[in-house]
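Note sheet for the following structure.
The values are calculated or read from the model by the stated rules, or taken from the named source; none is laboratory data. If you're wondering where the values come from, they're calculated on a predicted model, not measured in any experiment. Using ideal geometry, Cβ is built from the backbone for each residue, glycine included, and neighbour counts are taken over all protein chains shown. The protein model used for the area step is the full one, side chains on, heavy atoms only, and it has no ligands, DNA or RNA in it. Shrake-Rupley method; radii C 1.70, N 1.55, O 1.52, S 1.80 Å.
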Amino acid sequence: MTHKTLTYADLRITPADIYEQMGYHGAEPDNSTYQETQSVILEVSQWLRPQFCFFVVRELPDFDMGKIILRQLRGSEAYAFFICTSGVEFEAYQQRLKQQGDMVRVFIADSLGSVIAEHSADRMEESLQESIDKLSWHHTNRFSPGYCGWHVSQQQLLFPLFKGQTCGVKLTDSSLMVPIKSVSGIIGVGKEIRKLDYTCGLCNFEKCYKRKLKLAK
């Protein structure tokens, strides 16, 4: 099991990443929104401690992932399971903003939290690649329950594989993760596989964040 705690600086988040998540799609926010966003970033960067953990197994567990993901994993020699999270501190911060009724900051923090979770997953992928470089292996995209036909309820099968070492992330009875700004899933690794563009044309889940990113470009 590889487990790492990060800092805000480690994530390498740019203001453009946050504005894109907020829906600006290349445009600049107004001055008031800009100032509020910078204030949130400054505050969060002082104490943020996102985490990721992953492990690699040779055999694919008995998941019902659907054809899209299984096709992308074809040819893998092993499989990495991962959890990445913005952390319990960020979850508590979001709850405080909601209690204060500061809806502008609630919106900014929600967007920032999504970016934090995704960049934590990016850093996890980099760490995974470092660990398989010695084998001259590559890795696929990452795939998560709730996307590409893999039902979110399969989280209940994925989380026990971590044997309690889940970076502090817990599941609700409805299979949602807490902290909410967390990502979990699988990555295929091996010598003959590659990371490809997400094949959004094969999936009809219109709320997928990868589909939104493709449409924004």
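In order along region 187-193, the Karplus-derived 3J(HN,Hα) couplings, from 6.51 cos²θ - 1.76 cosθ + 1.60 at θ = phi - 60°, round to 9, x, 10, x, 6, 9, 9 Hz, and Gly and Pro are given as x.
Note on the chain: with a GNM built from Cα contacts shorter than 10 Å, the maximum mean-square fluctuation among PHE143, PHE90, PHE63 falls on PHE63.
When nucleic acids and ligands are ignored and a 1.4 Å probe is applied, MET103 ends up with an accessible area of around 120 Å². Measuring with a 1.4 angstrom probe and ignoring ligands and nucleic acids, THR33 comes out at about 20 Å² accessible.
What the Cβ-Cβ distance of ARG12 and SER136 gives, at R0 = 30 Å and to the nearest 0.05, is a FRET efficiency of 0.70. Note on HIS25 and ASP62: the extension gain reaches 9.4 nm, defined as 0.36 nm multiplied by sequence separation minus the Cα-Cα distance.
Computed over the chain, the per-residue total of -39500 (n - 2.57) for DSSP H runs of n ≥ 4 gives a 222 nm mean residue ellipticity of -13000 deg cm²/dmol, rounded to 500.
For the chain, the Kirkwood hydrodynamic radius comes to 18.2 Å, computed from all pairs of different C-alpha atoms. So how far, in whole Å, is the C-alpha centre of region 1-19 from the one of region 31-60? Taking the Cα centre of each part, region 1-19 and region 31-60 sit 5 Å apart. Comparing GLY168, GLY87, GLY188 in a Gaussian network model of the chain, where Cα atoms under 10 Å apart are tied by springs, the biggest mean-square fluctuation is seen for GLY168.
Net length available on complete extension from SER45 to ARG194 is 50.3 nm, with 0.36 nm assigned per residue and the Cα-Cα distance removed. If I build a Gaussian network model for the chain, linking alpha-carbon pairs within less than 10 angstrom, which residue out of TRP47, TRP150, TRP137 has the largest mean-square fluctuation? The residue with the greatest mean-square fluctuation here is TRP47. Using DSSP to call loops (not H, G, I, E or B), can you name the trypsin sites (Lys or Arg not before Pro) in region 37-89 whose Cβ has at most 14 other Cβ atoms within 10 angstrom? Here the sparse-neighbourhood loop sites are ARG58, ARG74. On average, how much accessible surface per residue is there in the chain, in Å², for a 1.4 Å probe, leaving out ligands, DNA and RNA? Roughly 53 Å² per residue, with all protein chains present.
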